[in-house]
1. Across region 113-161, what is the number of residues that are at positive phi and touching a strand residue (DSSP E or B) at 6+ places or on another chain (Cβ under 8 Å)?
2. Filter region 124-176 down to residues that are surrounded by fewer than 19 Cβ atoms within 10 Å (Cβ to Cβ) and in a helix (DSSP H, G or I) and give me whichever is farthest from the ligand (Cβ to nearest atom).
3. Mind counting the residues in region 215-255 that are touching a helix residue (DSSP H, G or I) at 6+ places or on another chain (Cβ under 6 Å), in a helix (DSSP H, G or I) and modelled with pLDDT of 95 or more?
4. Take residue 232 and decide whether it is surrounded by fewer than 20 Cβ atoms within 10 Å (Cβ to Cβ) and touching a residue at least 60 places away in the same chain (Cβ under 8 Å).
5. Can you find, within region 26-47, the residue that is nearest to residue 152 (Cα to Cα) among those that are surrounded by 19 or more Cβ atoms within 10 Å (Cβ to Cβ) and away from the ligand (no atom under 11 Å from the Cβ)?
Ligand code: SF4
């Protein structure tokens with residue numbers, strides 16, 4: 001396959017680096033099917049494979065595939081992933097990093113969350129400085145980048161127009177997050193929410209997973225902390241962090257030092273040496 005001549009989206013199991021799916025991976029075509037396939041996934045590998053082929057949100061499927069077919073001029077020689085961006089990183093993490101949704105020409109192009117755009121550059125540089133990522137950049141799937149003790153997921157797994165998913169799309173995607181959360185809950189100690197959308201999206205997942213959710217819910221802010229107890233009483237720390245969007249990083253609303261402080265706090269709270 002010549003990438004210069006092949007727009008996306010990528011068919012499952014056709015050789016894309018780190019593609020978790022195969023042609024046999026079941027595809028959700030509705031919100032009910034997404035919920036059922038998320039709940040019945042036998043393990044994390046199958047769960048992320050099912051995430052990566054989901055088609056439950058018609059508007060987002062149309063958008064992600066159109067972007068993958070048309071492509072940005074500067075990436076015209078590349079094949080775009082054009083599929084949902086699945087949970088990625090350590091399979092038994094102490095820290096979960098929860099974002100909003102993949103960027104049209106970032107994760108939607110490369111197939112890996114926060115990979116291939118300026119937000120990801122900012123984030124991975126911080127994770128590397130804080131000892132959570134093996135390299136300071138994440139450029140493409142298959143580039144050797146690895147997270148240690150941390151995992152990344154998006155609250156909405158498909159690139160939305162103008163980076164704005166609808167409440168219905170957020171709710172349709174929530175079962176994927178809830179299932180992934182349950183599969184990693186045994187080792188999880190800290191969740192870092194990148195932005196207010198992620199902070200808000202997490203509460204229903206926690207409640208649905210048997211956590212005691214405080215009322216009123218704690219407000220989001222950079223460095224905000226909230227503690228919740230799981231069904232077995234095990235504590236989980238939620239940390240707020242401004243999203244590393246270009247709007248925030250260019251204006252200095254969030255700086256490398258501010259982001260490092262959050263991840264160093266996460267490391268400390270998670271007991272990572
Ligand atoms: S946003 Fe989530 S639920 Fe909707 S199509 Fe993408 S992966 Fe499926």
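The values are calculated or read from the model by the stated rules, or taken from the named source; none is laboratory data. Since the model is a prediction, treat every value here as computed from it, not as a measurement. Reconstructed Cβ throughout: ideal geometry from the backbone, glycine too, with neighbour counts over all protein chains shown.
1. Result for region 113-161: 2.
2. Looking at residues that are surrounded by fewer than 19 Cβ atoms within 10 Å (Cβ to Cβ) and in a helix (DSSP H, G or I), I get 129.
3. Within region 215-255, residues that are touching a helix residue (DSSP H, G or I) at 6+ places or on another chain (Cβ under 6 Å), in a helix (DSSP H, G or I) and modelled with pLDDT of 95 or more number 1.
4. Against the criterion (surrounded by fewer than 20 Cβ atoms within 10 Å (Cβ to Cβ) and touching a residue at least 60 places away in the same chain (Cβ under 8 Å)), residue 232 does not qualify.
5. For region 26-47, the residue satisfying everything is 47.
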